[in-house]
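Reviewing the structure listed below.
The values are calculated or read from the model by the stated rules, or taken from the named source; none is laboratory data. As the structure is a computational prediction, the values presented were derived from the model and not from experiment. Every residue, glycine among them, receives a Cβ derived from its backbone with ideal geometry; neighbour counts consider all protein chains shown.
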Amino acid sequence: MKNRLFIFVFIFIMGAVNVTATDAVFDYYAYRGKDKIFEQKINSRKAYRNPVLAGFYPDPSICRKGDTYYLVNSTFSYYPGIPLFTSKDMVSWVQTGNVLDRPSQLMLDKQAIRDGIYAPAISYNERNDTFYLVTTLINGFGNFVVKTKDPAKGWSDPILLPEIGGIDPSLFFDDDGKAYIVNCSAPDGKAEYDGHSAIWIHEYDLTTDRILGKGKVLVNKGSNPSKKPVWIEGPHLYKRDGQYLLMCAEGGTETNHSEVIFHADKVMGPYIPSSKNPILTQRDLPEDRENKITCTGHADIITDHRGQTWAVFLGCRPYNTDKFNTGRETFMLPVKWEDAVPVILPQSEAVPVVVQKKGGGKQNFTGNLLWRDEFDAPVIGLEWLMIRTPQSSWYSIGQGKLSIRPVEQNISEKPNPAFLGRRQQHAAFEVETSLVFTPDNERQLAGIACFQNEKYHIVFGLTLQNNKPILKVISTNDGVSTVNGTVELPVANNGHSIKLRIEGNGATYSFYASYQKDKWIPVAENVNAEILSTQIAGGFTGTVIGLYATGNQ
Ligand code: 6LW
C-alpha cells in the first residue's frame, strides 16, 4: 500500500504520452456476445445464468465479509493480474479492482503466457479484520501472499513464501487463532507416475507472515491411491461442526477434471477420502449432450449469510466436440450437504445453465452482453488486459480516443507488445472498432488481434505494402504465419478513419472493413479459428481480443 503513489505516477505517465503522427488512434471498442445458449430468457430475480463469469475467468476463489462476497481468478501472464469481483448476492458481480495492479507486485517480462499467475485463493480473517490472497508466480518468485484491510484501497506488496513449493496455495484460519497454508506440490520422495502429486500443509504465523516449521503431506496421490489418480491440486481447507474438510481438484484441468473431499478430526490429519467422491465432475456424461459443459473442477465453497452453501468452480463450453477458444470460465451451484459432505452436483447430472436463486441482480459478465468503451475516461477500465507488465508508455486514453504507439515488439515477442485486450466471452461474438492510422513503413501495422498465446493468434490490421495502404488478416499457427486475405485501400483513404469488424462463430472468424459509409467489405471470411482453442494452442488461458499496434510485424 505504500506504493499507491507509484501507481498514480505510473498511470499518469501511461495516460500522458503524447500522440505522434504514426500512433494508431481508436475511436471505440464494441464487443457483443451472440451465444445461442444465452437466448433463453430468465427472470433475474428468481434465477441466474451459468457461467456466472463467461470467458477466461479460471480457478475461481471466493470469500465473504459480512454480506459482501469477493471473488478472484487467475490471469497467467496478463497485466494487471487477478481481477477482483464483489457482489452482495453472488449473482451480480462487479469488478472493483485488480489485486496485482502495479509493477512492484507483478513484474512479468520473461514469462510465457502459460506461466505467470496461477490459481489465487482469497480469504478473510475475522480475528484481525484482514483479507489475504495467496498465489503463485510461475517462472518467477513462486508462492506469495498479499494482504489488505480494505480491498478497495489496494493490496500490499508480495510477501514471499520460499518454504512452499508447487502451486495452488490456500490459507485457512482455524478457530484457535492459528493459520495454515495447504498447497499442491511434488510428493515426499520420488513421483511414482506422471501426474503423481500431493497436498501439503504448513503452519502460517499471522503476526510475522512467515511459515512455521516443516510441511506435512496430507494427501498423497489422491482420493483413491490404488487407481493412480493424477493431479490432486487446488486444495482448500474448511471446518464445519468441528471437522476439517479438505476439498481438492483431481484428474487434471481437462475433461477428466473433478472435485473430491477428505475429512479429518485434526487439522494435521489423517484425512479420509469420502465415499461420495467425486462431488463434482462431468467426465461420465454422454459426449453428444446438448449445451455441453466440460472440465468442471477447481472449486471453492462459501456459506452465505443465510446459511446456504455455494460452490464456485471452473468449467468450459466447447463449440464442437471438444474445442473452446473462451478458456476456463467461472460457474456457480448450490451445495447440498449429505452426511457432512458438500455435494456440488450429484454424479451423472449435467451442470445446469440456468439455476433458481431468489434475489439475484443483473449479471454483468455473462449472457449475450454488449460492452462498449468510448475511451472517455482518463484511465483504462479494469477489464482491459495487457500482455505482461508495460515496459514503456505506449498508450494514452481520454476524450474519446485510445492511441497506441506501434512499438518495436510484435505480438509473438517478449516482453511487452502494444496490445490492450478484452476476454472473448462467447463462441459467437462480434467485435468492432474504428481506427485512424497512417503507417510510415511496411513494418508498421495496427488493428485488432485475437490472441491466444505467442504462437497462436490472428491479426487483422492496416499496414503498407509496396507503399500502398492495405488491410491484412494473418493467422499464426504454431509460430507459422499465413496471410488469409488482403484488401488494398484507395490511397486517398490513407489517414482517414476505417472501421474493422470481426464476426466470430465457433471454429471460424470472418473479418470485415468499412471505409465508406455503411459499406462493409470482406477481408477474409471463415478463417480457421480453431488455432485459438486451448486444445490446439495449449496452456490455461482463453482468447483475448484487443487493439494492437506494432512497428515490427
Ligand atoms: C491450477 C490448477 C488448475 O493451478 O489449473 O484447474 C492450474 N486447475 O489447480 C492452472 O490454472
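Among the residues of the range 166-196, write down those that are more than 15 Å from the ligand (Cβ to nearest atom) and within 15 Å of Val145 (Cα to Cα). Result: Leu171, Phe172, Phe173, Ala179, Tyr180.
Here is a yes/no grid of residues against (1) buried (at least 24 other Cβ atoms within 10 Å of the Cβ); (2) touching an Asp or Glu at 6+ places or on another chain (Cβ under 8 Å):
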position: Asp35; (1), (2): no, no
position: Gln95; (1), (2): no, yes
position: Arg114; (1), (2): no, no
position: Ile117; (1), (2): yes, no
position: Asn125; (1), (2): no, no
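Annotation note: Cβ proximity below 8 Å between a residue of the range 197-208 that is over 16 Å from Pro235 (Cα atoms) and a residue that is in a loop (DSSP other than H, G, I, E, B) and at pLDDT 95 or above (sequence gap 6+ or interchain) occurs for Leu206/Gly177. Meeting the requirement of 1 or more residues that are away from the ligand (no atom under 16 Å from the Cβ) and surrounded by 16 or more Cβ atoms within 10 Å (Cβ to Cβ), the strands (runs of 3 or more DSSP E) wholly within the range 250-343 are 258-264, 294-303, 309-316, 329-334, 341-343.
The set of residues in the range 404-445 that are among the polar types (S, T, N, Q) and either under 21 Å from Tyr78 (Cβ atoms) or surrounded by 23 or more Cβ atoms within 10 Å (Cβ to Cβ) (or both) comprises Gln409, Asn410, Ser412, Asn416, Gln424, Gln425, Thr433.
Within the bounds of the range 528-538, is there any residue that is under 23 Å from Ala30 (Cα atoms) and either without any contact (Cβ under 8 Å) to a residue 60 or more places away in the chain or over 26 Å from the mean Cα position of the chain (by Cα) (or both)? The answer is yes; a qualifying residue exists. Do we find that Gly367 is within 17 Å of Gly55 (Cα to Cα), away from the ligand (no atom under 16 Å from the Cβ) and touching a helix residue (DSSP H, G or I) at 6+ places or on another chain (Cβ under 9 Å) in this structure? Answer is yes for this residue.
In the range 110-138, which residue that is of a type in the set (S, T, N, Q) and within 16 Å of the ligand (Cβ to nearest atom) is nearest to Phe313 (Cα to Cα)? So the residue we want is Thr135.
Is it fair to say Ile380 is of a type in the set (Val, Ile, Thr), in a loop (DSSP other than H, G, I, E, B) and not assigned by TED's automatic domain parsing to the domain that holds Arg45? Against the criterion (of a type in the set (Val, Ile, Thr), in a loop (DSSP other than H, G, I, E, B) and not assigned by TED's automatic domain parsing to the domain that holds Arg45), Ile380 qualifies.
Checking the structure you have, find out if any residue of the range 87-109 is within 22 Å of His236 (Cα to Cα), within 13 Å of the ligand (Cβ to nearest atom) and part of a strand (DSSP E or B). The answer is no, given that none of the residues of the range 87-109 is within 22 Å of His236 (Cα to Cα), within 13 Å of the ligand (Cβ to nearest atom) and part of a strand (DSSP E or B). State whether one or more residues within the range 270-286 are acidic (Asp, Glu), assigned by TED's automatic domain parsing to the domain that holds Asn224 and modelled with pLDDT under 95. Checked against the condition, which is being acidic (Asp, Glu), assigned by TED's automatic domain parsing to the domain that holds Asn224 and modelled with pLDDT under 95, the range 270-286 yields no hits at all. Scanning the range 232-249 for residues being buried (at least 17 other Cβ atoms within 10 Å of the Cβ) and in contact (Cβ under 8 Å) with a residue 40 or more places away in the chain gives a total of 12. On inspection, Ile199 does not qualify as more than 16 Å from the ligand (Cβ to nearest atom), buried (at least 17 other Cβ atoms within 10 Å of the Cβ) and within 30 Å of Gly252 (Cβ to Cβ).
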